[in-house]
Amino acid sequence: MSSCGACSFQARPSRPRALVVSSNAQPRFWRISPERFEVEVYDITANAEDDKDFGFIGLGWIDGENILQAASSATHTAWRIDLRAGAAVKLAATAARDKRCAGTPEAGMRFAPR
């Protein structure tokens with residue numbers, strides 16, 4: 001995984017030995033299969049901030065291997081991302097966050113639906 005200070009791209013292990021990678025420039029994820037090295041691409045539609053170009057950083061699993069929490073690479077706002085549905089929902093942060101690593105477990109963010 002990239003270091004939090006760099007925040008260039010993020011990668012998070014998924015199902016056994018699979019890897020999910022995010023772009024910090026566009027709302028897109030890639031899941032790399034460990035068995036065949038096949039790549040699944042997930043283009044995500046955000047429910048807000050559609051006037052901005054951004055991707056996601058600070059990935060964390062919420063539910064199983066299809067729901068992530070992350071932060072916008074542009075504004076550091078919190079998001080809930082459903083890979084299967086191809087949708088991202090902006091969340092309200094209910095605690096102070098560390099701007100260097102917004103949205104990461106290290107920053108201590110808690111999320112609530114907007």
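Mind sorting GLU40, GLU49 by how few other Cβ atoms lie within 10 Å of their own Cβ, fewest first?
Working: GLU40 13, GLU49 16.
Starting with the residue having the fewest Cβ neighbours, the order is GLU40, GLU49.
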So how far apart, in nm, are the two label points at ASP82 and ILE32 if each is 7 Å from Cα heading toward Cβ?
-> 2.8 nm
Mind giving me the FRET efficiency for GLU65 and ALA25? R0 is 25 Å, r the Cβ-Cβ distance, nearest 0.05 is fine.
-> 0.55
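The numbers here are math on the coordinates, done by the rules we state, and not lab data. Computed from a predicted structure; not experimentally measured. Every residue, glycine as well, gets a Cβ built from its backbone with ideal geometry; the counts of neighbours run over all protein chains shown.
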